[in-house]
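The values are calculated or read from the model by the stated rules, or taken from the named source; none is laboratory data. Source: prediction; values computed, not measured. When we count neighbours, we look across all protein chains shown, and the Cβ atoms used for this are built from the backbone with ideal geometry, even at glycine.
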């Protein structure tokens, strides 16, 4: 049951990154690909029906982690306290910017919320990437199963570590580039006119940057946590590496043949495969300790009882198909290219 729930939580986190990732990327790019007010409202119209539903996956992932691995969630919330508040305020700012932007017909008002939306949408991928970097590098988990992290220390990736160092910032920049490339493909598919054209032109450049950063992150991960490298031959790691490579190939084919939907789906497969391969390479460790490997929090020493996991699985099997069905229905209802609403009647 511990293995099953490890993968249920991992897959739900990956789905969140794929789904909310495209609107983070679109938001981070909207001041670049949209230059007039109607064009910016086209970007918001493209992501408007999806962004709040996408964040449900974050809540569901947190709830699943609380049910299955409460020690990991408790240690993570206390240790990443500052980071959690940064994430919270970033999500609040994004939501407010989307909802409040068109409440007043004022260029200054709209410019303020556009800047806030862009900043929040750019910061969130960096925070997500830095979080992944902390998990891969390790945190100072003590024998009591707790840890504390300052924002940064010496900016080095060895003890004493902080939330930010050269490695976690590198992973954060990789996450930003990946999600902005993902968002560019989404806009190339769902937007219209100049916004779609600029997004399609920008996407190949962003994906070239992603490829370069990916090589750098892989080499840096080996240097920071060499214990991961021996696990790269695991069958699931190889399987999900195949998924990410197939996704990357679909991105290339979609860009070359001007098929933005194929490229966007390939982008999602790349992200999903990358995160799943990362999870498979660290199993069963969920929060590695930089102080003493034996103090690491794992899926085996941090799981709830068998009865709790079994009952939770029943509810998960009920709720997960509903959530997936909602996503499918939403994309079906809002199929076709997005058009900006009349001024004052929408985003």
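Brief remarks on what is shown
- Residue match in the stretch 232-243 (condition: closer than 30 Å to residue 139 by Cβ, modelled with pLDDT under 95 and not in a helix (DSSP H, G or I)): yes
- Residues located in the stretch 321-334, provided they are within 30 Å of residue 71 (Cα to Cα) and free of Cβ contacts under 8 Å to residues at least 24 places away in the same chain: 321, 322, 324
- The stretch 295-319 - residue that is without any contact (Cβ under 8 Å) to a residue 40 or more places away in the chain and assigned to a helix (DSSP H, G or I) and, of those, farthest from residue 139 (Cα to Cα): 318
- Exclusive hit being touching a helix residue (DSSP H, G or I) at 6+ places or on another chain (Cβ under 9 Å), at positive phi and touching a residue at least 60 places away in the same chain (Cβ under 8 Å), set 138, 183: 138
- Where residue 258 falls short, out of the listed (1) part of a helix (DSSP H, G or I); (2) farther than 22 Å from residue 157 by Cβ; (3) at pLDDT below 95: (1)
- Number of positions in the stretch 37-93 that are farther than 15 Å from residue 17 by Cβ, modelled with pLDDT under 90 and assigned to a loop (DSSP other than H, G, I, E, B): 3
- The set of residues in the stretch 204-231 being over 18 Å from the mean Cα position of the chain (by Cα), surrounded by 15 or more Cβ atoms within 10 Å (Cβ to Cβ) and under 19 Å from residue 265 (Cα atoms) consists of 204 alone.
- Filter result for residue 229 (touching a helix residue (DSSP H, G or I) at 6+ places or on another chain (Cβ under 7 Å) and without any contact (Cβ under 8 Å) to a residue 12 or more places away in the chain): yes
- Restricting the stretch 55-81 to residues that are over 18 Å from residue 2 (Cα atoms) and surrounded by fewer than 16 Cβ atoms within 10 Å (Cβ to Cβ) leaves a set whose member that is farthest from the chain's Cα centre (by Cα) is 78.
- Check on residue 285, buried (at least 17 other Cβ atoms within 10 Å of the Cβ), touching a strand residue (DSSP E or B) at 6+ places or on another chain (Cβ under 7 Å) and either at pLDDT 95 or above or under 30 Å from residue 144 (Cβ atoms) (or both): yes
- Of all residues assigned to the stretch 331-341, at least one qualifies as being surrounded by fewer than 19 Cβ atoms within 10 Å (Cβ to Cβ), in a helix (DSSP H, G or I), on the phi < 0 side of the Ramachandran plot and under 24 Å from the mean Cα position of the chain (by Cα).
- Tally of residues being in contact (Cβ under 8 Å) with a residue 60 or more places away in the chain and within 19 Å of residue 302 (Cβ to Cβ) across the stretch 275-284: 5
- As a summary of the residue check, residue 208 satisfies the conditions (1) farther than 30 Å from residue 256 by Cα; (2) part of a helix (DSSP H, G or I); (3) free of Cβ contacts under 8 Å to residues at least 24 places away in the same chain except for the one numbered (1).
- Residue within the stretch 312-321 that is within 24 Å of residue 163 (Cβ to Cβ), under 20 Å from the mean Cα position of the chain (by Cα) and at pLDDT below 95 present: no
- Subset of the stretch 243-274 [surrounded by fewer than 19 Cβ atoms within 10 Å (Cβ to Cβ), more than 18 Å from residue 215 (Cβ to Cβ) and touching a residue at least 24 places away in the same chain (Cβ under 8 Å)]: 243, 246, 258, 261
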